[in-house]
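Here's the structure, in structure tokens; my notes come after.
The values are calculated or read from the model by the stated rules, or taken from the named source; none is laboratory data. Please read these numbers as outputs of a predicted model, since none were measured by experiment. Cβ: placed from backbone, ideal geometry, glycine included. Neighbour counts: every protein chain shown.
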Amino acid sequence: MFTRIIFIIILLILPANSYAAEKEYVILLHGINRSSKSMEKLADYFKKNGYETLNVNYASTKYTIDILGERLDRKIKAKIPKNAKINFVSYSMGTLISRLYIHKYKPKNLGRVVLIAPPNNGSEIADFLMDNPAYQLSFGPAGQELGTGTNSIIKKLPAEFDYDMGVIAGDRTIDPISSFIIPGKDDGKVSIKSTKLKGMKDHIIIHASHTFIMKNKTALKQSLYFLRNGIFKKE
């Protein structure tokens, strides 16, 4: 009884942000021409499994990826306690923003990182459409950085990294035209080969298309498993 009273007194004395700092966060980043609504299923799933979440909405077609990284840094500093552990679960172009953010801002409290359908080595579709006025209008400055050429964001990203990264790739497509352009197996937007990075902790291929992979039940479960264990669960 005495111990319980002491514990309650300590809780009352400690500032509110002391509890928040002990929470573990998952930062979610959507893809280009999407919004945070596309990541809500993931956000709800992590909340149900004990994580705090920051489901970031950003203007994906108005700025360069570098500027989007700067804006992300401001949001993280404003929304997440300084000493809280942070993990990233990002999708498509959001994976490149998360990689750039980690490289540029080097968060000391970084946990694990899950990349879903990432164009880690550049997008073959972006290369094909780069000079198309409709593509330029629809995808903006960031869209010009998604390819494999000299303007690609991947040129700014390090070849090596020192954190646990897990990659989830899809092998189903609902876009046969794009799949015809992309060499090898793909998810309709990104080749499986392009998702891979040297030094990644684990890589898994699931039966999902690029468009819907972030809502796929297997992607949800595997993302959570990686954050907890540092590897994916092999079926």
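Does GLY140 satisfy the criteria of being closer than 24 Å to VAL113 by Cβ and of a type in the set (Gly, Ala, Ser)?
no
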What single numbered condition from (1) farther than 18 Å from VAL114 by Cα; (2) at pLDDT 95 or above; (3) surrounded by fewer than 17 Cβ atoms within 10 Å (Cβ to Cβ); (4) of a type outside the set (Lys, Arg) fails to hold for LEU146?
(3)
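Yes/no matrix, rows are residues, columns are (1) of a type in the set (D, E, K, R); (2) surrounded by 14 or more Cβ atoms within 10 Å (Cβ to Cβ); (3) in contact with a Pro (Cβ under 7 Å, 6 or more places away or on another chain); (4) on the phi > 0 side of the Ramachandran plot:
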site	(1), (2), (3), (4)
ILE86	no, yes, yes, no
ILE97	no, yes, no, no
TYR101	no, yes, no, no
LEU115	no, yes, no, no
ASN120	no, yes, no, no
GLU160	yes, no, no, no
GLY166	no, yes, no, no
ILE174	no, no, no, no
Pairing a residue in segment 206-235 that is farther than 19 Å from LYS41 by Cα with any residue that is modelled with pLDDT of 95 or more and aromatic (Phe, Trp, Tyr), where Cβ atoms lie under 9 Å and the two sit 6 or more apart in sequence or on different chains, gives ILE231/TYR225; PHE232/TYR225; PHE232/PHE226; LYS233/TYR225; LYS233/PHE226
Which ones in segment 190-213 are out of contact with any helix residue (DSSP H, G or I) (no Cβ under 6 Å at 6 or more places or on another chain) and under 17 Å from SER38 (Cβ atoms)?
VAL190, ALA208, SER209, HIS210, THR211, PHE212
If a residue must be buried (at least 19 other Cβ atoms within 10 Å of the Cβ) and not in a strand (DSSP E or B), how many such residues does segment 198-219 contain?
8
Within segment 61-75, can you find the residues that are surrounded by fewer than 18 Cβ atoms within 10 Å (Cβ to Cβ) and part of a helix (DSSP H, G or I)?
ASP66, ILE67, GLU70, ARG71, ASP73, ARG74, LYS75
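Name the one entry in VAL114, VAL167, VAL89 that is over 15 Å from VAL26 (Cβ atoms), assigned to a strand (DSSP E or B), under 17 Å from the mean Cα position of the chain (by Cα) and of a type outside the set (Ser, Thr, Tyr).
Details: VAL114 fails: over 15 Å from VAL26 (Cβ atoms); VAL89 fails: over 15 Å from VAL26 (Cβ atoms).
Residue meeting the stated conditions: VAL167.
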Could you give every pair whose Cβ atoms fall below 6 Å, whose first residue belongs to segment 26-47 and is of a type in the set (Lys, Arg), and whose second residue is part of a helix (DSSP H, G or I), counting only separations of at least 6 or pairs across chains?
LYS41/LYS215
In segment 48-60, what residues are in contact (Cβ under 8 Å) with a residue 60 or more places away in the chain and exposed (fewer than 15 other Cβ atoms within 10 Å of the Cβ)?
ASN49
Within segment 183-191, identify whether any single residue is part of a strand (DSSP E or B) and of a type outside the set (Asp, Glu), and answer yes or no.
yes
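Matching residues to (1) out of contact with any Leu (no Cβ under 6 Å at 6 or more places or on another chain); (2) of a type outside the set (Asp, Glu); (3) modelled with pLDDT under 95:
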| residue | (1), (2), (3) |
| --- | --- |
| ALA43 | no, yes, no |
| LYS48 | yes, yes, no |
| TYR51 | yes, yes, no |
| ASN55 | no, yes, no |
| ALA59 | yes, yes, no |
| GLU70 | yes, no, no |
| ARG74 | yes, yes, no |
